[in-house]
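Beneath this line is the structure, given in structure tokens, with notes to follow.
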Amino acid sequence: MPLHPAMATAAGSGSGSSISTAPPSRHFGSGQGRLRLAPAPSRRSPLLRCSAPGAGGPDPALEEQRRRKAELAARISSGEFTAQGPGWVAPLAARLARLGPPGELAAGLLTKVAGAGAARRGPELPQATGSISSVVGEAFFIPLYDLFLTYGGVFRLNFGPKSFLIVSDPAVAKHILRDNAKAYSKGILAEILEFVMGTGLIPADGEVWRVRRRAIVPAMHQKYVTAMIGLFGKASDRLCQKLDKAAMDGEDVEMESLFSRLTLDVIGKAVFNYEFDSLSYDNGIVEAVYVTLREAEMRSTSPIPTWEIPIWKDISPRQRKVNEALVLINNILDELIATCKRMVDEEDLQFHEEYMNEQDPSILHFLLASGDDVSSKQLRDDLMTMLIAGHETSAAVLTWTFYLLSKYPNVMSKLQAEVDAVLGDGLPTLEDLKKLKYTTRVINESLRLYPQPPVLIRRSLEDDMLGEYPIGRGEDIFISVWNLHRCPKHWEDADVFNPERWPLDGPNPNETNQKFSYLPFGGGPRKCVGDMFATFENVVATAMLVKRFDFQMAPGAPPVEMTTGATIHTTKGLNMTVTRRTRPPVIPNLQMKVVSDSEGRTFSTAPVGVSTASIASGEDQQEETPDRTIEQKLPGVLLYKEKLS
Ligand code: HEM
């Protein structure tokens, strides 16, 4: 998730001059084996910023970005960002800073005095410090990568009086997310999202979270997700029709916004049975959803939290618009809840584990039919949370997948060959998804290179140890999934889009079998509840689109660069030329290995089109994911269900 305004504010107000000492050597992991590397920028620049084919000649914006990156790398190496000081200083400063301007001043002084004079005691966290000017204009997680290469898997980042722990070490990530998850809350994230998600499942902590997770997870059962495959197909087909028209008219298309509309249409129907139909036209509610989403993103990156200023929040046109949008959405949600309650009262269906109303299979319907004892406000918060969680993430995955496919035509050809061989004329079925193995690997790999969100946020609720480093209560922590997914120590050719790195007959990659070096859906008790849903959705959309069309970057399209919102967006859209495919289908030579399960039943290869945790494919998952148990088995697919104790 994005940075909190506090970070930017603190960084902006911090002195530009920082304590200058020699930086630690480039290394990975905390206290683990160390590895010296060539400077980072040259290794990864091709994927971080790519100009569109056809743009021709050196791009001045790209050149400028490369120059800024090289400058930042040089400044990091010079030691400009390296601070020293006792480990208690930053947490205390962070607490002081929360007391308002006088506290911030005291915190700033404390940081400087202690940083300059104090002697080191015991293992102390490497510290980086600096001013925001060094990272402005970048997606914030990019400079964090360079700092990780220099300071290691756990380090403290000080911006003036504010301080954050940056975690890029898989063992430490596992400790925070899974092994000692109870000692961490969502912290800053809950504060940022409160205005829109209230106490919905993503920001909620403690008892509220436990009760809501227990209510919501069962709603996403196997039968529900299977029913959703039809919905994904229909929505993707509507997008295909739109692209057909663009292809016939010879018009380029901006795919990022189309993917956003596709996934909005899907999630509205899936969560509360609402037909946004945003692929067909704009209406007030679609606009209200986007106003709210953009506000959430603005709040997470804005240097000054103007929305907290008492009078400003009432008179600012922007805030008024946001408030109006929220009222509109809440009213619609209230209506949908009321309608659904009536339906539930009138139906004869007996509630059971895999309960689903065929006319309205939505999560809302399941929750109401289950007798979920919850206030309307909490129900609205949960629905809103799932709307946002399931919309932006999937849209971003599709955007970056198609960007990568345009850069790697060999992958596209192989993908199209598989899709041609598997999909018939109708909409994809569950059986088809099981066969779309390479398509699933394409999505797995896209999520490695562009994790959504690129950073997970936590706050420590008690003193703890992160690897060898002691930390205090109240530390704000960013687990950089971006860094974990691109760590050159763990991944060969980390920046290369290579779906083949995941064998087709191997297990579906997940946080467990990748030992927390791969966290596309988080991990531990707060792992994504929509992982299986999202994987199917992305596989269906990708398969249907590439079956029908070829995609190329539009001639003269601006370079595709990243910016940070709740997920990774492009700065100027993904402008593509779409053409109807004319090639005859090619039959691929896909190797299918026959394996047997623990009960001796045989089926072909690893699960495909299957999620990373709700569905797993090996006994290692069973052993290493204590919070989930095998519930049901389909041929080739083991379904896991959470223990909801
Ligand atoms: C490709 C699409 C998706 C990606 C990459 C994704 C990723 C994630 C990640 C990384 C987390 C963990 C956040 C953390 O630990 O701080 C998460 C949590 C969550 N996701 Fe997803 N998600 C996706 C789709 C969905 C969908 C479709 C839904 C709902 C239908 C959903 C609902 C949620 C919820 C409710 C949580 C919070 C779970 C909790 O805290 O107990 N997500 N997601």
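Could you go through segment 515-530 and let me know if any residue there is within 16 Å of the ligand (Cβ to nearest atom), in contact with a strand residue (DSSP E or B) (Cβ under 8 Å, 6 or more places away or on another chain) and over 25 Å from G230 (Cα atoms). Yes, because at least one residue in segment 515-530 is within 16 Å of the ligand (Cβ to nearest atom), in contact with a strand residue (DSSP E or B) (Cβ under 8 Å, 6 or more places away or on another chain) and over 25 Å from G230 (Cα atoms).
Taking residues in segment 179-198 that are within 14 Å of R380 (Cα to Cα), and partners anywhere that are aromatic (F, W, Y) and within 10 Å of the ligand (Cβ to nearest atom), not one pair has Cβ atoms closer than 6 Å while being at least 6 places apart or on different chains. For beta carbons closer than 7 Å, sequence separation of 6+ or different chains, a first residue in segment 513-532 that is of a type in the set (S, T, N, Q) and a second that is outside any helix (DSSP H, G or I), the qualifying pairs are N513/P507; N513/G618; S517/C487; S517/H490. Scanning segment 436-456 for residues that are part of a helix (DSSP H, G or I) and farther than 11 Å from N483 by Cα turns up K437, Y438, T439, T440, R441, V442, I443, N444, E445, S446, L447. Residues that are of a type in the set (S, T, Y), assigned to a loop (DSSP other than H, G, I, E, B) and within 16 Å of the ligand (Cβ to nearest atom) within segment 249-295 comprise just one, Y274.
If you go through segment 220-241 and keep only what is small (G, A, S) and at pLDDT below 95, you end up with just A227.
When we screen E295, E308 for residues that are touching a residue at least 60 places away in the same chain (Cβ under 8 Å) and of a type in the set (D, E, K, R), the only hit is E295.
Of all residues in segment 276-288, none that is modelled with pLDDT of 90 or more has its Cβ atom under 6 Å from the Cβ atom of a residue that is of a type outside the set (F, W, Y) and part of a loop (DSSP other than H, G, I, E, B), 6 or more apart or on another chain. Of all the listed residues (D420, D425), the sole one being away from the ligand (no atom under 16 Å from the Cβ), touching a Lys or Arg at 6+ places or on another chain (Cβ under 8 Å) and within 28 Å of Y438 (Cα to Cα) is D420. Would a scan of segment 499-508 turn up a residue that is touching a residue at least 40 places away in the same chain (Cβ under 8 Å) and surrounded by 23 or more Cβ atoms within 10 Å (Cβ to Cβ)? Yes; the residues of segment 499-508 include at least one that is touching a residue at least 40 places away in the same chain (Cβ under 8 Å) and surrounded by 23 or more Cβ atoms within 10 Å (Cβ to Cβ). If we scan segment 374-383, do we find a residue that is closer than 18 Å to V546 by Cα and either more than 16 Å from the ligand (Cβ to nearest atom) or not in a helix (DSSP H, G or I) (or both)? No, there is no match, as no residue in segment 374-383 is closer than 18 Å to V546 by Cα and either more than 16 Å from the ligand (Cβ to nearest atom) or not in a helix (DSSP H, G or I) (or both). Only residues that are modelled with pLDDT of 95 or more, of a type in the set (A, V, I, L, M, F, W, C) and within 11 Å of the ligand (Cβ to nearest atom) were counted in segment 388-417, giving 5.
Applying the condition of being among the acidic types (D, E) and over 23 Å from Q222 (Cβ atoms) to segment 406-465 and asking which residue is surrounded by the fewest Cβ atoms within 10 Å (Cβ to Cβ) yields D425. Taking (1) within 15 Å of the ligand (Cβ to nearest atom); (2) of a type outside the set (D, E); (3) within 30 Å of C240 (Cα to Cα) in turn, H485 satisfies each apart from (3). Being more than 15 Å from the ligand (Cβ to nearest atom) and polar (S, T, N, Q) is the filter here; which residues of segment 347-373 pass it? Residues satisfying the conditions are Q350, N357, Q359, S370.
The values are calculated or read from the model by the stated rules, or taken from the named source; none is laboratory data. In this text the structure is predicted, and so the values were computed from the model without any measurement. Here the Cβ is made from the backbone with ideal geometry for all residues, glycine too, and neighbour counts use every protein chain on show.
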